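Since the structure comes first, as structure tokens, the remarks are kept for the end.
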Amino acid sequence: MEPWLIWVSVAGFLALAEMFTLTAALGMLAGAALITAGTAALGLPAPLQLLVFTVVATLSLVFLRPVALRHVLPPQTERFGVDALVGKSAYVVSEVTGAGGRVRIEGEEWTARAYDETLVIPPGTAVDVMEISGSTALVYPRE
């Protein structure tokens, strides 16, 4: 069997395996096998074919795969958990100072501290959640 045909068969097998895994790694290896098939068709000896495959596979996995994955995988745009509370408005239930207090955020009571430790925020004031530190909301009065 001709060496170029073996490389084409390897490329086809890797491309088929990529369809089932969707990792982009096997696709890059399939591309490297196709390029190596071209060099084998030109008559390059087997050791050089393996060198071409190794170099092309390494370069594609190191440089092209991260770019391909960035385009395939969407960035996480939504915030979850306590991160989703940052930027929300809250209502002061009991006086909030730099040492402590309580606020109501979306119907739940949270311990709170003033974002600016010199502030004293009276009950009934609308505040913005600036940060969540553990289970304490750091808040700042709305203007």
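The values are calculated or read from the model by the stated rules, or taken from the named source; none is laboratory data. None of these values were measured; they are calculated from a predicted model. So basically every Cβ, Gly included, is an ideal-geometry build from the backbone, and we count neighbours across all protein chains shown. Quick note on the areas: whole protein, heavy atoms, side chains included, nothing else; ligands and nucleic acids left out. Shrake-Rupley method; radii C 1.70, N 1.55, O 1.52, S 1.80 Å.
Of note:
- Ala68 within 32 Å of the chain's Cα centre (by Cα) and either part of a helix (DSSP H, G or I) or modelled with pLDDT under 90 (or both): yes
- Selection within segment 121-143 - exposed (fewer than 15 other Cβ atoms within 10 Å of the Cβ) and assigned to a loop (DSSP other than H, G, I, E, B): Pro122, Pro123, Gly124, Gly134, Ser135, Arg142, Glu143
- Which numbered condition Gln76 misses (of (1) in contact with a Leu (Cβ under 6 Å, 6 or more places away or on another chain); (2) exposed (fewer than 15 other Cβ atoms within 10 Å of the Cβ)): (1)
- Hey, Leu26 of a type in the set (A, V, I, L, M) and open to solvent by 70 Å² or more (accessible area, probe 1.4 Å) or not: no
- Any chance Glu109 is charged (D, E, K, R) and assigned to a strand (DSSP E or B): yes
- A search for C-beta distances below 8 Å between a residue of segment 76-97 that is free of Cβ contacts under 8 Å to residues at least 24 places away in the same chain and any residue that is open to solvent by 60 Å² or more (accessible area, probe 1.4 Å) and not in a strand (DSSP E or B), counting only pairs 6+ apart in sequence or on different chains, returns Ala84/Glu78.
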